[in-house]
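Heads up: the structure comes next, in structure tokens.
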Amino acid sequence: WTISFPMVPFVLLQGSRRAFDLGGSPWTGVLVGALSVILLIISTALTVLFPAVELGPIHGEFNVGVVDLHLPVDFTEGVRRGSLLGTQHQDSCDDPSGSYVSARLLYPTRQDPRDLPYLDPERADPKVVCSEFMKAGAPGPLKSFGWMLHNWRLITIRARKNARPASDGGPFPLAIYSHGLIRNAAIYSYQALNLAANGMVVVMVDHTDESAIAIRRRDSSHLLYDPSLIVNLSSNGNEEEYDRKRRAQTEHRAEECLSALKVLRTLNRRNIPDLESVGVSFMDRLDVSDVTLIGHSFGGATVLTAAARCSHSISAVVAHDPAVGWIPDWARQKIFPPEEEGESGKEVEEGDCLTERVIHNANMLCLYCEEWADKGWGHYKQVKRMHKAHADGTVSFEVGVIRKAHHSEFSDTCMITPLWLARATGLTGERNPHETAEEIACRTIEFLESNRRSKRT
């Protein structure tokens, strides 16, 4: 659009130049020439300001294979507990065990990579994704200008669709990746690709609680982001009800992560139709004893909740800027002492520590951007105190800060947004987002690999 918009009137002017010349006025030709030059300058400036962008290079021993599939999800327990109030399952008459979640499976391969679309039409219509993203995140006058994100539709990733899993280097550890609010799995491709290139099998879940920007269901229809919680509750000052409904969504998302993990673990023993149909098998190739849950923001709250529910089977939890206030009450009471952490989820002042049920079963990495750390968001001060209290624990617990970085830099958003615009809108901090994304990937992978080395020795 940066070229076509100015070029349409330019071509019309050039096409009508002969007609203007026949009019006999020399000033008409001068005017046409001047306008043409202005349009060329505008086109050049827009192309510079809104360039075609790419993700940063992926670092790792392996190439990456990709399979898109739908995984069964069982919400029976959530419905029984009544913890899904506020989600589409609270009054559902449908079988709660008959749901599916869209997922992308990334894994190590030795086959040569190819250029695949960043926004894969099979997962969601790229036009719909760009349109919904602008509606949800852009300032008022620009909400209907989805075409401004056309450059996202030109981005590619280096991977191989339906590739054969690598026959060497296994068995491969597992990871479940949970996306943040107003995002989807695709927006975290850089981090997940790096994990897979370093020998992990990663399931990126597209959550169906209407927190994702746009995803394609199993029946090919689209499930879009629902802004009503922000519009009807948060904007009107009803924060308590807003948090309650967000916590119900967290329960929903955690169930999806644990259901995806359950399916992923079975792949070591038997295949599933979605993989059989594309000739991919992971039988005897997975290390089902090494499981990591990874999430950003809302996804960070999701994986902490999932770990609290199933801590005995999780090896590590990696939370990037976790939205701790959206963790359900029962899970926060497993993370923070009940006498310190009340119903409101507000930060406490003294004596915080993780209970042994969580901290002594799983290694934990909490990475914060400097923006959130400085403002104390995501319960940063509490988590920092927990880190000090368990410095000599039996598992690894690390808390880190990505300097001069902002919240969105844990996703791909800042890398695929023109740098000048990302900084002008506060999306990006002082550093180049490609640099911060690489640091986030390196610190996450080094944490996981360090723990594996310790376990082996």
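The values are calculated or read from the model by the stated rules, or taken from the named source; none is laboratory data. Note that this is a predicted model, so its numbers are computed, not measured. Here Cβ is always computed from backbone atoms with ideal geometry, including for glycine, and neighbour counts include all displayed protein chains. What goes into the accessible areas is simple: the full protein's heavy atoms, side chains included, and nothing from ligands, DNA or RNA. Shrake-Rupley method; radii C 1.70, N 1.55, O 1.52, S 1.80 Å.
How many residues does the stretch 441-457 hold that are farther than 13 Å from Ser315 by Cα and either surrounded by 14 or more Cβ atoms within 10 Å (Cβ to Cβ) or at pLDDT 95 or above (or both)?
Of the residues in that region, 6 qualify.
How many residues are assigned to a helix (DSSP H, G or I) and either open to solvent by less than 10 Å² (accessible area, probe 1.4 Å) or of a type in the set (Asp, Glu) (or both) when one looks only at the stretch 381-440?
Total meeting the criteria: 13.
If I filter the stretch 216-246 down to residues being open to solvent by 60 Å² or more (accessible area, probe 1.4 Å) and among the small types (Gly, Ala, Ser), which single residue comes out as modelled with the highest pLDDT?
Ser220
Suppose the filter is closer than 25 Å to Pro433 by Cβ, touching a residue at least 60 places away in the same chain (Cβ under 8 Å), open to solvent by 10 Å² or more (accessible area, probe 1.4 Å) and aromatic (Phe, Trp, Tyr); does Tyr177 pass it?
Judged against the criteria, Tyr177 is not a match.
Which one of these does Ser4 not meet: (1) modelled with pLDDT of 75 or more; (2) open to solvent by 50 Å² or more (accessible area, probe 1.4 Å); (3) of a type outside the set (Phe, Trp, Tyr)?
Failed condition: (1).
Can you confirm whether the stretch 445-453 contains a residue that is in a helix (DSSP H, G or I), among the polar types (S, T, N, Q) and more than 19 Å from Arg183 (Cα to Cα)?
yes
Of the residues Ile335, Ile294, Ile327, Ile272, which is over 27 Å from Lys381 (Cα atoms) and among the hydrophobic types (A, V, I, L, M, F, W, C)?
On the way: Ile335 fails: over 27 Å from Lys381 (Cα atoms); Ile294 fails: over 27 Å from Lys381 (Cα atoms); Ile327 fails: over 27 Å from Lys381 (Cα atoms).
Checking each option against the conditions leaves just Ile272.
Which members of the stretch 272-315 meet the condition of being open to solvent by less than 10 Å² (accessible area, probe 1.4 Å), out of contact with any Cys (no Cβ under 7 Å at 6 or more places or on another chain) and of a type in the set (Val, Ile, Thr)?
Those that are open to solvent by less than 10 Å² (accessible area, probe 1.4 Å), out of contact with any Cys (no Cβ under 7 Å at 6 or more places or on another chain) and of a type in the set (Val, Ile, Thr): Val280, Val291, Thr292, Ile294, Thr305, Ile314.
Among (1) under 30 Å from Ala422 (Cα atoms); (2) modelled with pLDDT of 95 or more; (3) of a type outside the set (Asp, Glu); (4) buried (at least 22 other Cβ atoms within 10 Å of the Cβ), which single condition is Leu116 missing?
The one condition Leu116 does not meet is (4).
State whether the residues of the stretch 218-237 include one that is of a type in the set (D, E, K, R) and in contact with a strand residue (DSSP E or B) (Cβ under 9 Å, 6 or more places away or on another chain).
Scanning the stretch 218-237 turns up at least one residue that is of a type in the set (D, E, K, R) and in contact with a strand residue (DSSP E or B) (Cβ under 9 Å, 6 or more places away or on another chain).
Looking at the stretch 143-160 only, could you name the residues that are over 20 Å from the mean Cα position of the chain (by Cα) and open to solvent by 60 Å² or more (accessible area, probe 1.4 Å)?
Lys143, Ser144, Phe145, Trp147
Among the candidates Thr76, Thr87, single out the residue that is at pLDDT 75 or above and among the hydroxyl-bearing types (Ser, Thr, Tyr).
Thr76
Among the residues of the stretch 276-294, is any polar (S, T, N, Q) and part of a helix (DSSP H, G or I)?
No, every residue in the stretch 276-294 fails to be polar (S, T, N, Q) and part of a helix (DSSP H, G or I).
Just for the stretch 45-61: of the residues that are hydrophobic (A, V, I, L, M, F, W, C) and at pLDDT 90 or above, which one is most open to solvent (accessible area, probe 1.4 Å)?
Once the filter is applied, the top-ranked residue is Ile58.
For the stretch 168-179, check the following and say yes or no: at least one residue is under 24 Å from Val291 (Cα atoms), outside any strand (DSSP E or B) and either in contact with a strand residue (DSSP E or B) (Cβ under 6 Å, 6 or more places away or on another chain) or modelled with pLDDT of 95 or more (or both).
The answer is yes, given that some residue of the stretch 168-179 is under 24 Å from Val291 (Cα atoms), outside any strand (DSSP E or B) and either in contact with a strand residue (DSSP E or B) (Cβ under 6 Å, 6 or more places away or on another chain) or modelled with pLDDT of 95 or more (or both).
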